[in-house]
Amino acid sequence: MNRDMLTIFHRLPFLHQALICGFSALIVVALFLLPHPSQLYKQENNYQVGRQYPLEINAKALSPIEEKKPMVIMRWETHKVRSGESASVLFSRLGLSPSLLHNMVTSDPAINKQLSRLRPNDELVFGYDQQNNLIQLQRKISPYQTFKAVKSGDKFIAVTDKKDINVQLNYAQANISSSFWNAAIGAKLTPNQIMSIAGIFGWDIDFALDIRPNDNFKVLFEENIVEGEFVGYGRILAAQFTNQGQTFKAILDPKSGNYYDDKGRAMKKAFLRSPVDFRRVTSNFNPNRRHPVTGKVKAHRGTDYAAPVGTPIYAAGDGVVLKSGYNKFNGNYVFIKHSNIYITKYLHLQKRRVKGGQRVKQGQTIGTLGGTGRVTGPHLHYEFLVNHVHKNPRTVKLPEAKSLTGEKKKAFMQLAEKRLGELERYRILLTQ
Ligand SMILES: [Zn+2]
């Protein structure tokens, strides 16, 4: 003990000293009367197993404030819209009055818009109060958006509930053994994603005729997550495709929504490699094939795509229809002039969908595949002419693509490096 403290203590008057000693003694006694820590533990234990309930807890008082709002007890019913059913037919089927519907659709244009766009199998959720009055109607617009018509006084108001979408990245890769489609399905890609990849590379690769075994691809894409659950796929951020030993890279520029290669050149080019949806094509290119009618091997001046009659045929590039007609050799045919240099020809069509002189856009349907003219079976005969000379449309050198420049290019190149790095990291992760 501190000597100074002792000295001060002894200098105090006797009564003061006695009071201090008395209080100290009281404290010591009180300490002995308190339960031993092990007893406290035991009590707690008993409480947990439910033998003793030493304390009444008002659970309601502890719950968050928003749960204390006066609650309307509601009854919810879900109904599916039947084929051909309008809102008025649906309301009458459910025993709801036309005046109620009228009140709802005139309360708010947004409610009118929702209720006039019902489609078969749409699910509507009806909320009733205890007096059986409809006080809320819900329609799910998407996994993360619900439209609500909520009763407010005599009228209804429109509310759209939006949940936050979180985006996460995912990756897929595949080596092609039978077909691009099968490989992509095997890599768990959806039909939409597969068509997007074919679209991204459709100016460089003819997916109908150019794909070979051991071609391969990898793709980085978004997944949308709402409240921890997967709700759908987002954009393809980057992809790489190796076709017959040649590798093509594409990265999304989020500002424009367009894809560029790793040098900042646009993936979109003046001509599609294939004027037919690759999924429907059944034959391959054979430069030495015999003519279907004469049986002679002759230099084939175009590419044949065998596919079912009626398959849409697309304009390979923007242009003007030079001719749209019929003769006994070509059958129904369409010629398109794309500039002073390029002409594309489409033969043996079942139907022509464009007229001479008409402007067409790349990818626009100009007709359907058929077996008209001098053929043995339905196919598209496609020709690509450069300065009136026939070229192989799948190998011809096409006009240069537009490139990004300046600041835009600088920003894109940084992103491209990041994305291609991600592709590579995923590939390594997946092959480990
Ligand atoms: Zn042909």
> All but one of (1) basic (Lys, Arg); (2) exposed (fewer than 15 other Cβ atoms within 10 Å of the Cβ); (3) at pLDDT 95 or above hold for LYS255; which doesn't?
Replying inline: (3)
> So which of GLU400, GLU422 is in contact with a Leu (Cβ under 6 Å, 6 or more places away or on another chain) and surrounded by fewer than 16 Cβ atoms within 10 Å (Cβ to Cβ)?
Replying inline: GLU422
> Going by the conditions given, is GLN114 over 30 Å from GLU422 (Cα atoms), assigned to a helix (DSSP H, G or I) and within 25 Å of the chain's Cα centre (by Cα)?
Replying inline: yes
>> List pairs: first residue in the stretch 409-426 and farther than 11 Å from ALA238 by Cα, second residue surrounded by 13 or more Cβ atoms within 10 Å (Cβ to Cβ) and β-branched (Val, Ile, Thr) anywhere in the structure, Cβ distance under 8 angstrom, at least six positions apart or on different chains.
In response: PHE412/ILE251
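So, in the stretch 371-427, of the ones that are away from the ligand (no atom under 16 Å from the Cβ) and among the small types (Gly, Ala, Ser), which residue ends up farthest from ALA208 (Cα to Cα)?
GLY406
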>> Among the listed residues GLY363, GLY373, GLY357, GLY377, identify the single one that is at negative phi and either at pLDDT 95 or above or not in a strand (DSSP E or B) (or both).
In response: GLY377
> In the stretch 310-350, which residue that is more than 20 Å from GLN362 (Cβ to Cβ) and surrounded by fewer than 15 Cβ atoms within 10 Å (Cβ to Cβ) is nearest to the ligand (Cβ to nearest atom)?
Replying inline: PHE329
> What is the one condition in (1) modelled with pLDDT of 95 or more; (2) assigned to a loop (DSSP other than H, G, I, E, B) that ILE194 does not satisfy?
Replying inline: (2)
> Here are ALA239, ALA250, ALA266: which of them is over 21 Å from THR395 (Cβ atoms), among the aliphatic types (A, V, I, L, M), away from the ligand (no atom under 16 Å from the Cβ) and modelled with pLDDT of 95 or more?
Replying inline: ALA239
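The values are calculated or read from the model by the stated rules, or taken from the named source; none is laboratory data. From a predicted model like this one, the values you see are computed outputs, not experimental measurements. Quick reminder, even Gly has a Cβ in these numbers, built from the backbone with ideal geometry, and neighbours come from all protein chains shown.
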